[in-house]
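Everything on this sheet refers to the single structure shown next.
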Amino acid sequence: MLSTIAAAALPVLVVMLLLGGVAKIVTAGGDGTPGALGRLGPAVLAPERFVKPAMLICACGELGLAAGLIAVDHPAARWLPVAFFAVATYVLQDLRRRRPDVGCGCFGEVSAAPVGVRSILRAAVLTAAAVAVAVEGTTGAEVVAGISWAFAASLGGIVVLLLALSPELEESLARLRYRAPCELRPLPPERALSRLRASSAWRTHAVLLESHEPADMWRELCWRFFVFPARNGAEVVFAVYLSGRRPAVRAALVTPDGPPASLQESMPVSA
Amino acid sequence: MPYRSVERRRVLAAAALGRDAEPPRLSADDGVPFDAVTGVILDVSPHLIIVEDAAGGQRRLVIAPWATAWRGGPVAPADLPVGARVVIRALKAGTVAERIWADATRLTGTIKAVTGRRDLTIVLDMGAHRGERSITVPYRSSGRIRVRHPQLEPGYLFDAIGMVDGGAPLALLPATSQPPYRAAAVPPPPPAYRGVQSKISGTAVWGDLPERGVAYPMLETSDTGCADAGVSCVGLPYLALGSTLYVRNVCDGRADALPIVACGCVTGRFCDRCLECGTSPRGRIVELSAAAYVELGGDLIKGCFNARIGLG
């Protein structure tokens, strides 16, 4: 039973260490929000100039432990993760007591929520999993050889337990679901132009145009405007909505002195 | 692709969308803007100032008894030199000068190089429409500047108010506290889930713009030829050169509808607050030309006012 749990725990430990290491490197490397590193992880207990190096060293350590679990067949490679997760559990508990405002930083900036009981319990569960791996001396080859239903059930149980203890899950889902409103999204004009040329408004007005290359174009909120020179010095202006698969396209023929010609009744739309 | 004219774009957009081509009307509770007169001093006496404006016309203004002037520091209006470029806040339909700023300039940009020990020489990248400019921080001002700009190093932002003296720009007063991040690492705006609010609050500053209007940060780079546009730490919507912005000075209620005439590629990189009347929300939302800024009640020496902008 313990050997099955240990076999299921090993890939989980490796994945968690890899994710944690990569996320920390990305967060420390990115120069995004000023002062963001000052609110993440145990490194905040160090002086400010050491915060970034401390986070990078921790990330490299995690990647090294993951590599050791996969590739090194020595007891030290099994017991080092035990020490790492045990220390992490204590440090998170201490961090919660000394700096209740900072996040654990376990997965970089995603772990910005203040350290809670779930984060501490997760570190404790990972410590227990690492102990199981160390006691059984599980290696990567044994995991591949021992795939069975019991293994799958153990793996599923550990993953569900860790997901339940991960406050980052809600944050990650919210980030995946988020899509900026079209007013705030940069949208290349070429895409709007191709949508314009596929529209019925374009086919209706194409015969009036002297040139099929726009003389002027600009964007306001969710609308992109294209102006084409037309016959007799007039201009045809198209407005293409920048959201949706089949966006609305409005068109109007405007005479040189300003007022729109009565070729097509424009529809009242607020931009 | 260069834009042709503000008016033409407004007419074309209105025709396509079937909306009113007139600029947005101001409501009854909007304060009336001051008159601003800009030009070069032809003659000045204790009671009268004669200015030649950009169109070559002469403007004669009576100097109010309570009028004050600034040229590197407070001076008497009559002591302003002939030939100085002035911005005048005027009353009574532009006939009475109340406040005069002479040779004032705004030095905002990214630091490219710093040299000198006593008088500092700073090369600033002031954005696509202003290019690079070499400015001098005289020794007498360097203390004040350094207190608010602790990182006088390449890559950091710089914002000061100064004076053009004989063609050489001198930085005299810090206009803000320097942001702690580099110009290339502007914090991202907070996420917006339900579209854009019709009114956005923040900080309005002034700058040396080529014509009356505003510089706005969120412009598409493909339309403006400004590679640094489209950066802001406020969730601003995309607009274009020629769009009309309703700008309201929250501090004294004056408001006006102003066209976007330049790309505010440096403006959007500042995430500071204005403390003119209370604390403004974080982020510069708009940079006004000196005349428009004065019309809305701003003081060029203070450098900012709390503002609210509306779209079109």
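Here region B:105-157 is the region considered, the condition is being basic (Lys, Arg) and in contact (Cβ under 8 Å) with a residue 12 or more places away in the chain, and the residue that is least open to solvent (accessible area, probe 1.4 Å) is B:Arg106.
If you check A:Val249, A:Val207, A:Val236, A:Val240, which single one turns out to be in contact with a His (Cβ under 7 Å, 6 or more places away or on another chain) and outside the structural domain of A:Glu109 (by TED's automatic domain parsing)? Full working, then the answer.
Details: A:Val249 fails: in contact with a His (Cβ under 7 Å, 6 or more places away or on another chain); A:Val207 fails: in contact with a His (Cβ under 7 Å, 6 or more places away or on another chain); A:Val240 fails: in contact with a His (Cβ under 7 Å, 6 or more places away or on another chain).
The conditions single out A:Val236.
Kindly establish whether B:Ala160 is modelled with pLDDT of 90 or more, in contact with a strand residue (DSSP E or B) (Cβ under 9 Å, 6 or more places away or on another chain), outside the structural domain of B:Arg269 (by TED's automatic domain parsing) and buried (at least 22 other Cβ atoms within 10 Å of the Cβ). Spelling it out, B:Ala160 is indeed modelled with pLDDT of 90 or more, in contact with a strand residue (DSSP E or B) (Cβ under 9 Å, 6 or more places away or on another chain), outside the structural domain of B:Arg269 (by TED's automatic domain parsing) and buried (at least 22 other Cβ atoms within 10 Å of the Cβ).
Being under 30 Å from B:Leu236 (Cα atoms) and either modelled with pLDDT under 85 or not charged (D, E, K, R) (or both) is a description that applies to A:Arg246. Take the residues in region B:279-307 that are over 26 Å from B:Ile100 (Cα atoms) and open to solvent by 40 Å² or more (accessible area, probe 1.4 Å); name whichever of them is nearest to the other protein chains (Cβ to nearest Cβ). The selected residue is B:Arg282.
Checked against the criterion of being under 18 Å from the mean Cα position of the chain (by Cα), basic (Lys, Arg), surrounded by 20 or more Cβ atoms within 10 Å (Cβ to Cβ) and assigned by TED's automatic domain parsing to the domain that holds B:Gly297, the candidates B:Arg212, B:Arg269 yield just one match: B:Arg269.
Taking the criterion of being farther than 16 Å from A:Val135 by Cα and among the acidic types (Asp, Glu), the residues of region A:63-114 that qualify are A:Asp94, A:Asp101, A:Glu109. Scanning region A:211-254 for residues that are charged (D, E, K, R) and crowded, with 19+ Cβ neighbours inside 10 Å yields A:Asp216, A:Arg219, A:Glu220, A:Arg224, A:Glu235, A:Arg250.
When you check A:Arg98 against the structure, is it within 30 Å of B:Ala185 (Cβ to Cβ) and open to solvent by 50 Å² or more (accessible area, probe 1.4 Å), yes or no? Don't jump to the end; show me each part of the working.
On the way: within 30 Å of B:Ala185 (Cβ to Cβ): yes; open to solvent by 50 Å² or more (accessible area, probe 1.4 Å): yes.
The answer is yes for A:Arg98.
So, B:Ala227, is that one part of a loop (DSSP other than H, G, I, E, B) and either within 17 Å of A:Trp218 (Cα to Cα) or touching a His at 6+ places or on another chain (Cβ under 9 Å) (or both) or not? Outline the logic, then answer.
Values: part of a loop (DSSP other than H, G, I, E, B): yes; either within 17 Å of A:Trp218 (Cα to Cα) or touching a His at 6+ places or on another chain (Cβ under 9 Å) (or both): yes.
Answer is yes for this residue.
Within region A:105-141, which residues are surrounded by fewer than 19 Cβ atoms within 10 Å (Cβ to Cβ), within 25 Å of the chain's Cα centre (by Cα) and at pLDDT 85 or above? Listed by number, the residues that qualify are A:Gly116, A:Val117, A:Arg118, A:Leu121. Of all the listed residues (A:Val87, A:Val15, A:Val22, A:Val26), the sole one being open to solvent by 30 Å² or more (accessible area, probe 1.4 Å), part of a helix (DSSP H, G or I) and closer than 18 Å to A:Pro167 by Cα is A:Val15. Among the residues of region B:228-239, just one is more than 8 Å from chain A (Cβ to nearest Cβ) and in contact with a Ser or Thr (Cβ under 7 Å, 6 or more places away or on another chain), namely B:Ala229.
B:Ala257 meets each of the listed conditions (1) at positive phi; (2) away from chain A (no Cβ under 14 Å); (3) among the small types (Gly, Ala, Ser) apart from (1). Look at (1) touching a residue at least 24 places away in the same chain (Cβ under 8 Å); (2) at positive phi and you find that B:Thr176 fails only one, number (2).
When the residues of region A:176-192 are filtered to those that are assigned to a helix (DSSP H, G or I) and in contact (Cβ under 8 Å) with a residue 40 or more places away in the chain, the one that is surrounded by the most Cβ atoms within 10 Å (Cβ to Cβ) is A:Ala192. Among the residues making up region B:169-188, those that are within 14 Å of chain A (Cβ to nearest Cβ) and small (Gly, Ala, Ser) are B:Ser177, B:Ala183, B:Ala184, B:Ala185.
Within region B:70-81, being closer than 13 Å to B:Leu48 by Cα and aliphatic (A, V, I, L, M) holds for B:Ala76, B:Ala78, B:Leu80. Scanning region A:156-175 for residues that are open to solvent by 50 Å² or more (accessible area, probe 1.4 Å) and not basic (Lys, Arg) turns up A:Val159, A:Val160, A:Leu161, A:Leu163, A:Ala164, A:Leu169, A:Glu170, A:Glu171, A:Leu173. For the residues B:Gly166, B:Gly225, B:Gly242, the requirement of being open to solvent by 10 Å² or more (accessible area, probe 1.4 Å), at pLDDT below 85 and within 14 Å of another protein chain (Cβ to nearest Cβ) singles out B:Gly225. Here the condition is being more than 13 Å from chain B (Cβ to nearest Cβ) and hydrophobic (A, V, I, L, M, F, W, C); of A:Ala234, A:Ala198, A:Ala215, it holds for A:Ala198 alone. Per the conditions (1) buried (at least 20 other Cβ atoms within 10 Å of the Cβ); (2) not in a helix (DSSP H, G or I), the sole criterion not satisfied by A:Ile147 is (1).
The values are calculated or read from the model by the stated rules, or taken from the named source; none is laboratory data. Keep in mind that what you see is a predicted model, and the values were worked out from it rather than measured. Please note: Cβ atoms are built from the backbone with ideal geometry, for glycine as well, and neighbour counts cover all protein chains shown. When the accessible area is computed, the model is the full protein with side chains, heavy atoms only, and any ligands, DNA or RNA have been set aside. Shrake-Rupley method; radii C 1.70, N 1.55, O 1.52, S 1.80 Å.
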